[in-house]
Amino acid sequence: MLNIVHRRLLWGAIIALSIAVIVNACLYLGLFEELELKTFDIRAKYFRKQLQPPPDIAVILIDELSLKVMNPVVGRWPWPRSLHADVIDFLDMGGAKTILFDILFTENEQGSHFREGKVSDSDERMVEATRSAGNVYHAAQILADSEDDYNKDYLNKPLPEDFVKRFSVHAEGSFAGNNNTYYIPFPELYNVSRGIGIVEFSPDLDGVYRRTRLFRHYQGKVYPVLSIAPLMHTSESEYLQEEERRLTREPYLINMYGGFKPYSMSGILTSVQKIKTGELDNLPVDPNEFNQKVVFIGGSAVGIEDLKASSLDNKTPGVFLHASIYGNIKNRDFLRYPPSITTSLSILLMSIAITFGILSRQHLIYQLGLPVFITAGYMLIAFWWFKNNMVLDIVAPVTAIVLSWLGTLAYLSFTEGKDRKKIRKMLEQYVSPAVLSSVVDRAGGDILKAEVGSKENITILFSDIRGFTTISESLDAEKVVELLNEYLSEMVDVIFKYDGTLDKFIGDAVMAFWGAPLRVSDHGKKAVDAALEMNKRLKYFNERINAEGFPQLKIGVGINTGNVILGNIGSEKKLDYTVIGDNVNLASRMEGLTKEYGCPILIAESTYEGLKGSVICRVVDMVRVKGKRHHVRVYEPLDPDILGHESISKISMYAEEGFNFYQNKEWNKAIEKYSSILEIISDDTLSKLFIKRCEDFIDSEPSSIWDGVYMMTKK
């Protein structure tokens, strides 16, 4: 029985699944990406703003104070490279483990004592300091530039062979892109560098730098970003082993540290000057503070143009991104996404929880409070996961919550109230007023299920009088109506006897079905038994009407079993309790086939299988009905009251064997079996039909694509 609870379950499932499908589609189309990145920023600011980087990382910034202090000494930025050389010496003196420059030194500096083909004194000083320290990594860029008339001769130039040999690396994965230009340190500098790292980043669509690929591709070779260049060497390569495959395939989500305490380059250079003049007391920065540290050097002054919008701040020094990536990988401090199915399941669960939660209790406070409670709970889970370095999507599941809430409220507002009125009006045709109130209150019963529509497995029967148009033309109208009414009364009696439901009369045709509203498991058997009795009743009916001067009637009956849509279909003023669907059409086609094969009753394979041997049948043919791609096996139920049990058993056996021979193109053997049936029923139309087919195929073999299926070209 279908009551309000069952109906709400049905519609709740439809709403929840529909919302889940829609939201998942939007998710995979990337429609939530920008909003999702904003929620990432909120979580990052909450949990990462004060997060300290690993203690072995130090950052030196060329800040506004540094530019101000050095301006009277060396002028405006860029500074002479000899100053950077002094910084390298200073850090080397303190025992720095690794020195990484997030500053490009791409061309020879033309300073004092510059000669054509030679580096300047300042460059020479930089080269010597880099060589002496032996642990310095310099910056490079690999870019995709748009081609125009001015730069086309400079694009897609190969990198220097010695550069490629020294600094390209092997990495798993594919590296898509169309990089076509580069900026690398001048040759004398990269030749003495410990390594080279790529320093450019690409922001997300909203201009915020959250992700980057850790390797860059250029003309078939791969180069690491500055952050991981030190980790590519043999002594530290173990840091990349576990995550290498994932890191090289996907954009890396940067776990930013907000607690950097950088050194100002002004303090470093002041200390350098004091050391040079022998003033070793009260150094602003002691070089020993950098002992065994990985030191990143970059800019934060506006004029250096290396401030980037990050998830933590709109003006984050770019070197902080590099230092954060290094710390993430060195300390296994990765941000991870759960498997993509996690978000899809979350969306589905949120949709189900909201939809069925609201449908289960229709109180205003509950309906308003439930989505708030579930949203808050999910947000807490997402924030807790983020605290533990797992990034759970928020926008898509919360969208599912909101849409499910709105969709369910809309259903309750516009559907159930209207349905109750419609059900009451419909039930007035079936029950008394006293019963009506009870049924509507519990909204139950098969008749209610029919009103809202349901998919049911039933057996459908069609019967039709052969040549009735010709018969009716030979009789007066009064006689036609009299004859038809008597015939239909006989047929309906049989249908009701076997618990069938009369669907409708279509002229002289009858449509009935079994399995609803009275539910029976053997509805196929009841339909076949009814058809056999209809055939016997017709025999006695013909004897009676012949005595009255009416012509004999012949009928064809077609039966099929399958899933259909059952419901009261029509307008508010007139409803028909009926079934629709492909299986109804197939039952009608079975009735049409009775003309082709000369059999009074034909049943589809689905009905035959449901009989489970309770009715003896013979196989008729394999048929593909008009308008259908798939073929169906057709059977004829045999009546033991007419031929006797032994005879119909033999007919069934001969038909099965003969049809198998026919399917296997063993024409003579098939003819032999069908001839055996003719010895029992001398005027058997079906056997004669197959014998004729076999003889035709003996004369002219079917094509190689013949599959033994008969194509029905008429309805």
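The values are calculated or read from the model by the stated rules, or taken from the named source; none is laboratory data. Keep in mind that what you see is a predicted model, and the values were worked out from it rather than measured. Counting neighbours? That spans all protein chains shown, and the Cβs are built from the backbone with ideal geometry, glycine included.
Worth pointing out:
- Elements of type helices (runs of 4 or more DSSP H) in the range 22-112, at least 2 residues being over 27 Å from Glu305 (Cα atoms): 33-48, 81-94
- For the range 73-90, the set of residues classified as of a type in the set (Val, Ile, Thr) and in contact with a strand residue (DSSP E or B) (Cβ under 8 Å, 6 or more places away or on another chain) consists of Val87, Ile88, listed by residue number.
- Look at the range 458-483: where a residue is in the same structural domain as Gly524 (by TED's automatic domain parsing) and closer than 30 Å to Asn583 by Cα and a partner is assigned to a helix (DSSP H, G or I) and among the acidic types (Asp, Glu), sitting 6+ places away or on another chain with Cβ atoms under 7 Å, you get Phe462/Glu591; Ser463/Glu591; Asp464/Glu591.
- Taking the conditions (1) assigned to a helix (DSSP H, G or I); (2) touching a residue at least 24 places away in the same chain (Cβ under 8 Å) in turn, Ser675 satisfies each one other than (2).
- Given (1) more than 18 Å from Met590 (Cα to Cα); (2) outside the structural domain of Asn585 (by TED's automatic domain parsing), index of the condition Met711 fails: (1)
Results for (1) modelled with pLDDT of 80 or more; (2) buried (at least 16 other Cβ atoms within 10 Å of the Cβ); (3) basic (Lys, Arg); (4) over 20 Å from Tyr635 (Cβ atoms), shown as yes or no for each residue.
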| site | (1), (2), (3), (4) |
| --- | --- |
| Leu518 | no, no, no, yes |
| Lys525 | yes, yes, yes, no |
| Ala531 | yes, yes, no, no |
| Lys539 | yes, no, yes, yes |
| Arg544 | yes, no, yes, yes |
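- Within the range 590-622, the set of residues being within 37 Å of the chain's Cα centre (by Cα) and surrounded by fewer than 23 Cβ atoms within 10 Å (Cβ to Cβ) comprises Glu605, Ser606, Glu609, Gly610.
- All positions within the range 678-713 that are in contact with an Asp or Glu (Cβ under 8 Å, 6 or more places away or on another chain) and not in a helix (DSSP H, G or I): Tyr710, Met712
- Hits in the range 628-653 (condition: under 54 Å from the mean Cα position of the chain (by Cα) and without any contact (Cβ under 8 Å) to a residue 24 or more places away in the chain): Arg629, His630, Leu638, Met653
- If you go through the range 591-639 and pick out every residue that is in a strand (DSSP E or B) and among the aliphatic types (A, V, I, L, M), you end up with 10.
- Annotation note: Cβ proximity below 8 Å between a residue of the range 129-149 that is of a type in the set (Lys, Arg) and a residue that is in a helix (DSSP H, G or I) (sequence gap 6+ or interchain) occurs for no pair.
- Any hit, the range 330-344, residues being among the aliphatic types (A, V, I, L, M), touching a residue at least 40 places away in the same chain (Cβ under 8 Å), touching a strand residue (DSSP E or B) at 6+ places or on another chain (Cβ under 7 Å) and under 24 Å from Lys45 (Cβ atoms): yes
- Taking the listed residues Lys49, Lys38, the one that is among the basic types (Lys, Arg), touching a Leu at 6+ places or on another chain (Cβ under 8 Å) and farther than 21 Å from Ala140 by Cα is Lys49, with no other qualifying.
- Within the range 579-592, residues that are basic (Lys, Arg) have Cβ atoms under 8 Å from residues that are part of a helix (DSSP H, G or I) in no pair, counting only partners at least 6 apart in sequence or on another chain.
- Checking Asp476, Asp441, Asp493 one by one, the residue that is in contact with a Lys or Arg (Cβ under 9 Å, 6 or more places away or on another chain) and either surrounded by fewer than 17 Cβ atoms within 10 Å (Cβ to Cβ) or modelled with pLDDT of 85 or more (or both) is Asp493 and no other.
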